[in-house]
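First comes the structure, then the notes that go with it.
Quick note: the coordinates plus some simple rules give every number you see, no bench work behind them. Since the model is a prediction, treat every value here as computed from it, not as a measurement. So basically every Cβ, Gly included, is an ideal-geometry build from the backbone, and we count neighbours across all protein chains shown.
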Amino acid sequence: MGANDLKGRSVLAIVSNYGVEQDELVVPVDHLRDNGATVDVAAVSDEPVQTLVGDKDPGKKVHPTTTLDQADASTYDLLLIPGGTINADNLRQNEKAVELVRTFAESERPVAAICHGPWTLVEAGAVRGKTLTSYPSVHTDIVNAGGEWLDQSVVSDNTGGWTLVTSRSPKDLDDFLRETENAIITAP
């Protein structure tokens, strides 16, 4: 990818203000920005986002560019849902985050979720009929919500007219970024 391959494309990353896995937020956001995309980080509040490393050790603080309540889904090409157990558990209980997921799926725009991120997809009813992956502990939730779970580094599924890109953990970031880029480039 060249530095401007994603120019003109916009991404919305949704997070809670505590508990997002550092590399699942910071690495994709930096990578997408470096390749020309505009990326907004929407948190529950406008306070700094405290990332974690391995769900326990404090990581970098990230300053959100907007809040979940202020984010207008119609202005973005792709929705990014990073993991982190605490982050994902908070997002799936946040009505605005769940609404954003539904809006992207219903408007057939791509979504990329990693690790525990698919929990919000499950809550939004967006995995039925989809094939995806996640952190292994989310497997049963995905199957119970009507999805098919695979143990692969990345799964890209365009069933139902919209692309869903998923990965298991930070170890899969290279594959996740490649498929996320493809999803943005091919988005309408």
Handout entry: Computed Rg/Rh of the range 130-188, alpha carbon atoms with Kirkwood Rh
Key = 0.98
Practice task
Please list 76-85, 29-38 highest first by mean number of surrounding beta-carbon atoms within 10 Å per residue.
Solution key: 76-85, 29-38
Exercise for the section: Enter the per residue convex hull volume of the range 10-186, computed from alpha-carbon coordinates, in Å³ rounded to the nearest integer. Expected result: 91
Exercise for the section: Provide the packing ranking of 111-122, 141-152, 92-103, i.e. peptides ordered by the mean count of other C-beta atoms within 10 Å per residue, highest first. Expected result: 111-122, 92-103, 141-152
Problem - Calculated [θ] (222 nm, deg cm²/dmol) that DSSP helices of n ≥ 4 give over the chain, each run adding -39,500 (n - 2.57) - result: -9000 deg cm²/dmol
Fill in the blank from the handout: Cα extents of the range 15-76 per principal axis, largest first, Å, are 34, 27, 14
Fill in the blank from the handout: With Rg from the Cα atoms and Rh as the Kirkwood inverse mean 1/r over Cα pairs, the range 1-106 has an Rg/Rh of 0.96
Completion exercise
Assertion target for D40, D55, ordered by fewest C-beta neighbours within 10 angstrom first, is D55, D40
Problem - Fraction of antiparallel bridges per DSSP, the range 10-186 only, in percent to nearest 5 - result: 25
Handout entry: Spin-label zone in the range 155-188 - amide nitrogen under 16 Å from a point set 7 Å from the Cα of D5 along the C-beta vector
Key = 173-187
